[in-house]
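The values are calculated or read from the model by the stated rules, or taken from the named source; none is laboratory data. Since we're looking at a predicted model, the values are computed, not measured. Heads up, the Cβs are rebuilt from the backbone with ideal geometry, glycines too, and the neighbour counts pull from every protein chain shown. For accessibility, only protein heavy atoms count, side chains too; no ligands or nucleic acids. Shrake-Rupley method; radii C 1.70, N 1.55, O 1.52, S 1.80 Å.
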Amino acid sequence: MGPYFLNGVNCDHSFRNNRYFVLPWICQHSGVSMSHQMVVMQPQPVPLFCDSGQWGSGICDCCDDVPECCLACWCFWCFTCMKAKKYGECLCLPLLDFGGLIPPITMSIRVSMRQRYGIRGDMCNDCLVATFCRACVWCQMSREMKARDLQVTLVGARNL
């Protein structure tokens, strides 16, 4: 097999070593046109609850995940720090909730989660549940993250 050319440039090395990603182009090989297509962008996962507009579980559905509920009750600060880290925030961020009447970190993470997942609600409700049911709020957010954590499987993907 001879070299492949892309707009007059020898691209044989690129295709053989799989080091470079190339958009779909027509390469010429000894005067014959061949189409080579390589992946430039991976497919994005589609959320299961994309437009549901509501939480996957209620604020008092702690029996849906008993081990997490027990951890939240017995070691609340460890639980909140682990969940904040899993959500993509600073590990120690929930520790700033200590003190004050309204827990700002719990409320802001809850509002952020509602916006990220397209869950309807308002800040007044978030403020009430974050203030009076803080452990239940963190358990609900944990269940929501777990329910929406999609595993992406690429079919036909090659190791580069």
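Structure above, values below:
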read-out	value
Checklist (1) open to solvent by 70 Å² or more (accessible area, probe 1.4 Å); (2) assigned to a helix (DSSP H, G or I) applied to residue 114, failing item	(1)
Among (1) touching a Lys or Arg at 6+ places or on another chain (Cβ under 9 Å); (2) at pLDDT 50 or above; (3) not in a helix (DSSP H, G or I), the one test that residue 49 misses	(2)
Within the range 58-87, considering residues that are basic (Lys, Arg) and open to solvent by 70 Å² or more (accessible area, probe 1.4 Å), the one farthest from the chain's Cα centre (by Cα)	85
Residues that are surrounded by fewer than 16 Cβ atoms within 10 Å (Cβ to Cβ) and either modelled with pLDDT of 95 or more or on the phi < 0 side of the Ramachandran plot (or both), drawn from the range 88-107	90, 91, 92, 95, 96, 98, 101, 102, 104
Scope the range 117-138; condition basic (Lys, Arg) and open to solvent by less than 60 Å² (accessible area, probe 1.4 Å); matching residues	134
